[in-house]
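A.B. asks: Sharing a structure with you now.
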Amino acid sequence: MPTPRAYSVKAFSAAGAKTPLAPAVISRREPTGNDVKIQILYCGVCHSDLHFVRNEWGFTQYPAVPGHEIVGRVTAVGADAKKYKVGDLVGVGCLVDSCRTCPDCRAGLEQFCTDMAMTYGSADKILGGGTLGGYAEGIVVREEFVLRIPTNLNAAAVAPLLCAGITTYSPLRHWKIGAGHKVGIVGLGGLGHMGLKFARAFGAQVVLFTTSPGKTADALRLGAHEVVVSKDAAQMAAHAGSFDFILDTVSAVHDLNAEVNLLKRDGNIVLVGAPEKPMSLASFPMIMRRRSVSGSLIGGLPETQEMLDFCSAHGITSDVEMIRIDQIDEAYERMLKSDVKYRFVIDMASLN
Ligand code: NAP
Ligand code: ZN
Ligand code: ZN
């Protein structure tokens, strides 16, 4: 296959783990086949962007352009594209390709395909080098990996649904959380605040666990029935052995054993937070109550569209703080201090 023609877009890119993001010009392929060419309007800022840019997971290749909560407008399509037309409001999340034939792909679980390509940090099989994410003017993606954005919602506040939204929606759906379940959400950041909204919408009794007592009023407004300050041993003890399900969204190493003690017999913790270093887990509290600790990765394309449509029907969006692209490093520093209310979103017009 001949290499497709490429064009240039403005972006913000990191040259190394210790260098701040800076303006850059990157290449995108001209749309061919069923490609959709998208002008990016908004891009959410996920804690994964920060882990990745600073090489905290150890696999970052530079230059690195993060961003996987993309909302934009279609400006052109390839000759074989059928799903979208110029002018449509569309989204791109964490995935831009997969093999499309393996059992995971056929089940709509493309996130588990061993040959999937993430929006940033994967090999770009078409242009070479690494895939480059959404802190940019535009992106070109095959139509199977493009989502339809509901037009009844604020488009900037929809952007975080493409990662924070689906990452919390998917495990709550997979473990069939609803009325009659007592659910804990750990950490009130980008993922956590969406977890509160979804767990509440699904009918569960919802408790937020936070290290930030100052977030209590917000947590109650966002969907928690109750708030527990996780550093307070007495508050933790009052909930011991009472949870069916806990969704852990914490971005840093923390005390997992304290969370295990909150579970009922057969209760389950799902880790979606991805700290830089491993965490320790004591066997006995797991063994004695047949408890489990598991994990979950974003969600596949069909479920991501289902989540967006659910949000459209129920008026659910992210609580966002808009920033200019040149404020990104300041936003990362605030994120590290748990000072996000509750997702930063870049207004991409600020690239110009
Ligand atoms: P975020 O907005 O920074 O929120 C993380 C929250 O964790 C903070 O607001 C804070 O909440 C809590 N926290 C931070 N440090 C802590 C510590 N040392 N001990 C206890 N709690 C602490 O981050 P995010 O964007 O929601 O992402 C959260 C994590 O999920 C990241 O590791 C990210 O890479 C990962 N992630 C995973 C997936 C997946 O598919 N599995 C997808 C997206 C993101 P309080 O102030 O309430 O304590
Ligand atoms: Zn993310
Ligand atoms: Zn596959």
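Rule-based calculations on the coordinates, nothing more; no lab input. Here the structure is a predicted model, which is why all the values come from computation and not from measurement. As a convention, Cβ positions derive from the backbone with ideal geometry for all residues, glycine included, and neighbour counts pool all protein chains shown.
A.B. asks: Using the Cα centre of the stretch 245-302 as the reference point, and only Cβ charges (+1 on K/R, -1 on D/E), how large is the resulting charge dipole? Debye, rounded to the nearest 20.
C.D. replies: 300
A.B. asks: To continue, here is another question. Given the options A234, A204, A217, identify the residue whose Cα lies farthest towards the positive end of the charge dipole of the stretch 192-245 (+1 on Cβ of Lys, Arg; -1 on Cβ of Asp, Glu).
C.D. replies: Value computed over the given set: A217.
A.B. asks: OK, next. Work the Kirkwood hydrodynamic radius out for the stretch 233-277: mean of 1/r over every pair of different alpha-carbon atoms, inverted, in Å.
C.D. replies: 11.0
A.B. asks: Taking the number of other C-beta atoms within 10 Å as the exposure measure, put S8, S338, S48 in order starting with the fewest.
C.D. replies: Listing S8, S338, S48 from fewest to most nearby Cβ atoms yields S8, S338, S48.
A.B. asks: Next up: In units of 2.2 N^0.38 Å, what is the alpha-carbon radius of gyration of the stretch 248-352?
C.D. replies: 1.41
A.B. asks: Based on DSSP, what percent of beta bridges with both residues in the chain are antiparallel, to the nearest 5?
C.D. replies: Within the chain, antiparallel bridges account for around 55 percent of the total.
A.B. asks: Dipole magnitude of the stretch 237-352 about its Cα centre, charges +1 at Lys/Arg Cβ and -1 at Asp/Glu Cβ only, in debye to the nearest 20?
C.D. replies: 660
A.B. asks: When the chain is treated as a GNM, springs tying every alpha-carbon pair under 10 Å, which of A313, A282, A22 comes out with the largest mean-square fluctuation?
C.D. replies: Residue with maximal mean-square fluctuation among A313, A282, A22: A282.
A.B. asks: Something else: Run the numbers for A22 and L127: contour at 0.36 nm per residue of separation, minus the present Cα-Cα distance, in nm.
C.D. replies: 35.6 nm
A.B. asks: Test of understanding: in a Gaussian network model of the chain with alpha carbons linked when under 10 Å, which of H47, H225, H174 would top the mean-square fluctuation ranking?
C.D. replies: Maximum fluctuation in the GNM of the chain, among the listed residues, is at H174.
A.B. asks: From the helices alone, meaning DSSP H stretches of at least four residues, give me the mean residue ellipticity at 222 nm for the chain, per-run term -39500 (n - 2.57), in deg cm²/dmol to the nearest 500. Could you put the intermediate results ahead of the total?
C.D. replies: On the way: 11 runs with 83 residues, N = 352.
Theoretical 222 nm ellipticity from helices: -6000 deg cm²/dmol.
A.B. asks: For the stretch 175-230, take the convex hull of the Cα atoms, compute a quarter of its surface area, and give me that in nm², please.
C.D. replies: 3.3
A.B. asks: Want the number for A107 to Q61: 0.36 nm per residue separation, take away the alpha-carbon distance, what's left?
C.D. replies: 13.5 nm
A.B. asks: Quote the charge dipole size of the stretch 169-288 about the Cα centre in Debye, to the nearest 20; the model charges only the Cβ of Lys and Arg (+1) and of Asp and Glu (-1).
C.D. replies: The dipole magnitude comes to about 320 debye.
A.B. asks: Still on this model: How large is log10 I(q)/I(0) at q = 0.18, 0.19, 0.24 Å⁻¹ when the Debye formula is applied to the Cα atoms of the stretch 146-258, each weighted equally and without solvent?
C.D. replies: -0.90, -0.99, -1.46
A.B. asks: Next question. How would D218, D80 line up from fewest to most surrounding beta-carbon atoms within 10 angstrom? Please report the intermediate quantities before stating the final value.
C.D. replies: Numbers: D218 19, D80 11.
Listed from fewest to most nearby Cβ atoms, that is D80, D218.
A.B. asks: Here's another thing I want to ask about it. Which of S13, S212, S283 moves most in a GNM of the chain, Cα contacts under 10 Å?
C.D. replies: Answer for the Gaussian network model of the chain: S283.
A.B. asks: Same structure again: Given a cut-off of 18 Å, name the pairs among K37/K85; K83/K197; K10/K83; K231/K337; K215/K341 whose C-alpha atoms lie farther apart than that in the structure shown.
C.D. replies: Listed pairs above 18 Å: K83/K197; K10/K83.
A.B. asks: What's the extension gain from K337 to R324 if we count 0.36 nm per residue and subtract their Cα-Cα distance?
C.D. replies: Contour length minus the Cα-Cα distance gives 2.7 nm.
A.B. asks: Could you run the Debye sum over the Cα atoms of the stretch 1-113, one equal point scatterer each and no solvent, and tell me log10 of I(q)/I(0) at q = 0.21, 0.22 Å⁻¹, two decimals?
C.D. replies: Computed log10 I(q)/I(0) values: -1.34, -1.36.
A.B. asks: Dipole of the chain (Lys/Arg Cβ +1, Asp/Glu Cβ -1, origin at the Cα centre): which of G72, S280, M322 lies farthest to the positive side?
C.D. replies: After comparing all options, I get S280.
A.B. asks: By its C-alpha gyration tensor, with a ≥ b ≥ c as the square roots of the eigenvalues, how is the stretch 287-344 shaped: rounded for a/c under 1.5, else prolate for a/b larger than b/c, else oblate?
C.D. replies: oblate
A.B. asks: Here's something else I'd like to know. Along the charge dipole of the stretch 73-150, pointing to its positive end and built from +1/-1 on Cβ of Lys, Arg, Asp and Glu, which listed residue (S122, G91, I149) has its Cα farthest out?
C.D. replies: Of S122, G91, I149, it is I149.
A.B. asks: Next question. Over its Cα atoms, what ratio of radius of gyration to 2.2 N^0.38 Å does the chain give?
C.D. replies: Rounded to two decimals, the normalised Rg is 0.98.
A.B. asks: Turning to a different aspect of this structure: For W175, W57, which order do you get if you count the other beta carbons within 10 Å of each Cβ and list the fewest first?
C.D. replies: Details: W175 17, W57 13.
In order of increasing Cβ crowding within 10 Å: W57, W175.
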